[in-house]
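The values are calculated or read from the model by the stated rules, or taken from the named source; none is laboratory data. Computed from a predicted structure; not experimentally measured. Virtual Cβ from ideal backbone geometry, glycine too; neighbours counted across all protein chains shown.
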Amino acid sequence: MPFTVKALQKTGPSESFRVTEIERRDPRPDDVVIAIRAAGICHSDIHTIRNEWGEAHFPLTVGHEIAGEVEAVGSEVTAFAVGDRVGVGCMVNSCGECEQCAAGQEQNCLNGNVGTYNATDVDGTITQGGYSQKVVVNERFVCRIPEAIPFDRAAPLLCAGITTYSPLARWGAGPGKKVAVLGLGGLGHMGVQIAAAMGADVTVLTRSRSKEKEALELGAARVLPTTEDGFFDQNRGTFDLILNTISADIDVDAYLGLLAPHGAMVVVGLPPEKQPLTFRSLIGGAKVLAGSNIGGIRETQEMLDFCAEHGIAARIETISVQEADAAYDRVVDGDVKFRAVIDTATFDGAELS
């Protein structure tokens, strides 16, 4: 039977979060019911809920960085058992049959994957995300969280971790490679840790040295402030790979100038506005400007195992359900170091509104 759980929900882009009850579906034979222990706040949640990426389906519960324990499994589930430590990221379904799904690239499903929230599910309902007590997910889209990573520090890995791991792996971050991470926020702080663990020489590019101590602790070899006079001339042709994690206007041509010949800038941040570009910046030096958007389920599991092996996890601030609105403003202002995570146990004492 369908069941209800407490969740954080917004009824419009300008409304405050309210604690309410949402319905979760009657678990299917291939479903896993997850008791959520921690839910990370991603900037994508904020863009969505504020209608910055188009009209959202309200009322809406967001959240696609989900960590918890298996509470029940369907009759056909073979990969998970009650009590397993698991996580769910940005997808909860795909066709499972196209060439991209067959290749383990469900994020590129040719028939369209189903997002964890604000998406039309296979039954026609709108998916509701992880700012809640429980979620029901097809077992193909559930990953195992290693024992070495606590739930609250694991939750952001299901988005921020795979969003940075996938392009770093694809574009060959490793020994002998000079990698620059542009921005040291929720995504950037994961990119620094992962690139350093892969063996790359890592530089953080940021507006000031205010986060230099943290950057060096995370594994960066140096921090270079991009606002200093002569920065772009002095560092021209330096990097093999730039991981661009920021969601704001930048001079794309200037940053492409920092790449060595045949270097690549991979964009994982998504500014709301269009960004200008002249092709001369790419043609000179045969450079690459690429985009990357999470990874498939197999690669997400690979990332979780890699992080556990190398002692990597998100650096977080834990908040209660009552602090979600304030946390959104702080994320936008760059005031969170480095990821806000909702302690879902605080739903227990929260009154419905």
- Kindly provide the set of residues from region 14-29 that are free of Cβ contacts under 8 Å to residues at least 60 places away in the same chain and either under 18 Å from His64 (Cβ atoms) or part of a strand (DSSP E or B) (or both), ordered by number. Glu23
- Pick from Ala180, Ala196, Ala155, Ala220: which is of a type in the set (A, V, I, L, M), buried (at least 24 other Cβ atoms within 10 Å of the Cβ), in contact with a strand residue (DSSP E or B) (Cβ under 8 Å, 6 or more places away or on another chain) and assigned to a helix (DSSP H, G or I)? Ala155
- Task: Starting from residues that are aliphatic (A, V, I, L, M) and part of a strand (DSSP E or B), keep the ones in region 76-115 and report whichever is surrounded by the most Cβ atoms within 10 Å (Cβ to Cβ).
- Result: Val88
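Thr48: at pLDDT 95 or above, surrounded by fewer than 16 Cβ atoms within 10 Å (Cβ to Cβ) and among the polar types (S, T, N, Q), yes or no?
Judged against the criteria, Thr48 is not a match.
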- Might you check whether a residue that is part of a helix (DSSP H, G or I) and surrounded by fewer than 23 Cβ atoms within 10 Å (Cβ to Cβ) occurs anywhere in region 116-131? no
- Query: Of Leu304, Leu277, Leu282, Leu270, which residue is part of a helix (DSSP H, G or I) and modelled with pLDDT under 95?
  - Reply: Leu282
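Matching residues to (1) in contact with a Ser or Thr (Cβ under 6 Å, 6 or more places away or on another chain); (2) more than 24 Å from Ser292 (Cβ to Cβ):
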{"position": "Gly87", "(1), (2)": "no, no"}
{"position": "Ser94", "(1), (2)": "no, no"}
{"position": "Gln100", "(1), (2)": "no, no"}
{"position": "Glu106", "(1), (2)": "yes, no"}
{"position": "Gly112", "(1), (2)": "no, no"}
{"position": "Tyr117", "(1), (2)": "yes, no"}
{"position": "Asp123", "(1), (2)": "no, yes"}
{"position": "Val136", "(1), (2)": "no, yes"}
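Any residue at all in region 95-111 that's hydrophobic (A, V, I, L, M, F, W, C), within 26 Å of Val73 (Cβ to Cβ) and in contact (Cβ under 8 Å) with a residue 60 or more places away in the chain?
Just the residues of region 95-111 that are hydrophobic (A, V, I, L, M, F, W, C), to begin with: 95, 98, 101-103, 109-110.
Applying the additional criterion that residues be within 26 Å of Val73 (Cβ to Cβ) yields 95, 101-102, 109.
Adding the requirement that they be in contact (Cβ under 8 Å) with a residue 60 or more places away in the chain leaves none.
There is no residue in region 95-111 that is hydrophobic (A, V, I, L, M, F, W, C), within 26 Å of Val73 (Cβ to Cβ) and in contact (Cβ under 8 Å) with a residue 60 or more places away in the chain.
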